[in-house]
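One structure below.
The values are calculated or read from the model by the stated rules, or taken from the named source; none is laboratory data. Please read all numbers here as calculations on a predicted model, not as lab measurements. Because the Cβ atoms are built from the backbone with ideal geometry, glycine has one as well, and the counts that use them run over all protein chains shown.
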Ligand code: ADP
């Protein structure tokens, strides 16, 4: 699989296969733990490419996946783009109407689906078969196909009998290789296509020291789902670095993650904060050996300071990173700059809690409401615009969005950020989540972090609700820790916020809930919260006069 002269994925696998044929790929599946090496991975990937080729697919065809993180899904990662087609990963946790929209919009010709996601897919199909018109076959990841009305074949039968060598084409740099839709937390899902060269350059950027470099002595476990933005590109970069891969499989619980870390000697893992909050609870209550674990990459939502401290105390370096579907996804990481390495712990912690330094290869600006660039003073903020080789320059079939979201070659991210004197980006909020109160802005993310730093709070989300006088006011939805005295907690939280913020930032109302609803990518579902709690009567008249916004 040497590839041509263009920037494509093919040489990464070719090199790993030639130089490290015995390095392992380990996968937790519905059928138990599967273990093989790069040599066998290459053979099976060639078989998959041959099967797709025989089925009539190639350049211009989109092949969808609806799967957890496991070895077969990983085989599609190199197999599909390698043979010239386009790998379209679909998030199975999305509502049916989004899945229908995405499949219809992308015109996927085949869908690879996990056994456990089959009922979900059948449901979406039964509800609106017309949106699945383009799909010619369903391939169920496994040895056999359970009872289903869909036209399905088992993955192992699909690839069986095909040669373990494949005559890989020389793909072009501009050829579409991947695709992922934004999760729709910002409206209708928007398709982002990844060309071969976008995936190549993102892989190379991850591999340099200020990315998430992976080496041949690393054992990499992407917990971040392979169904969303290519598990942050780690399956590609782990192969480029010839690391051992560990895939945690269907619905991994904290106990599964802890066991894999211990048994497989995981050195690097990555995921959204909610995953690590779960692991932290588990580690507190159980005897878990984290000694192999070297680095933990956290992104997708802000990593709370308490989380960084928790892992520091256990000798695990938490690297906070920022990115989005449109940036393939990694765009920044909070590495500590040389000049700051000797600074005291709290100063370094403050930097590491930010979303970080722009990744080499990308450029950015931060633009205020008047179109001017904001100064790098850590105070002023504006919208983050980014551009670079692995940042998309358009949405799939969405001229309306292209008009609004790109300017001067930059992608307008919708993230509101400040930049400090050292160049660290800090996300203040997503533009649509910022609370506009009396002409001033309140950052919902900062308030959430402050509330979550209180010892009696397990999770906290803050949303703006309409207010007659102030336009919007913050409402806090708080999950207390077990056994907390909620009677006293509300006023204690007010005092806690007041220690660091002005009065007008203090949430007018605190509602105690059992769980913060999450989106399909594990983030707080603010849209659902706004729909449920966005009733102005909840905060009506509760802002004291001396707490006027801005005071
Ligand atoms: P969606 O949230 O719609 O699923 P993405 O997965 O593309 O879409 O999410 C990208 C967004 O996630 C970013 O624009 C940003 O708002 C947020 N995000 C990513 N990393 C971080 C981080 N480290 N801290 C805070 N927010 C983050």
Every residue from segment 118-141 that is under 12 Å from residue 67 (Cβ atoms) and either free of Cβ contacts under 8 Å to residues at least 24 places away in the same chain or surrounded by fewer than 20 Cβ atoms within 10 Å (Cβ to Cβ) (or both): 120
Has segment 263-270 got at least one residue that is in a helix (DSSP H, G or I), surrounded by fewer than 16 Cβ atoms within 10 Å (Cβ to Cβ), without any contact (Cβ under 8 Å) to a residue 40 or more places away in the chain and more than 16 Å from the ligand (Cβ to nearest atom)? yes
Sort out which residues of segment 147-181 are part of a loop (DSSP other than H, G, I, E, B) and touching a strand residue (DSSP E or B) at 6+ places or on another chain (Cβ under 7 Å), and write them in order of number. 150, 151, 173, 174, 175
Confirm whether residue 93 is assigned to a loop (DSSP other than H, G, I, E, B) and either over 24 Å from residue 7 (Cβ atoms) or in contact with a helix residue (DSSP H, G or I) (Cβ under 6 Å, 6 or more places away or on another chain) (or both). yes
I need a count of the residues in segment 352-389 that are in contact with a strand residue (DSSP E or B) (Cβ under 9 Å, 6 or more places away or on another chain) and not in a strand (DSSP E or B). 18
Of the residues in segment 279-306 that are touching a helix residue (DSSP H, G or I) at 6+ places or on another chain (Cβ under 6 Å) and assigned to a helix (DSSP H, G or I), the one that is farthest from the ligand (Cβ to nearest atom) is 282
Taking segment 390-403 and the residues there that are closer than 14 Å to residue 182 by Cβ and within 15 Å of the ligand (Cβ to nearest atom), the one that is modelled with the lowest pLDDT would be 401
Note on segment 28-57: residues assigned to a loop (DSSP other than H, G, I, E, B) and touching a residue at least 40 places away in the same chain (Cβ under 8 Å) are 30, 31, 55, 57
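Conditions tested, residue by residue: (1) within 22 Å of the chain's Cα centre (by Cα); (2) in the same structural domain as residue 379 (by TED's automatic domain parsing).
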residue	(1), (2)
399	no, yes
407	no, yes
440	no, no
443	yes, no
460	yes, no
483	no, no
505	no, no
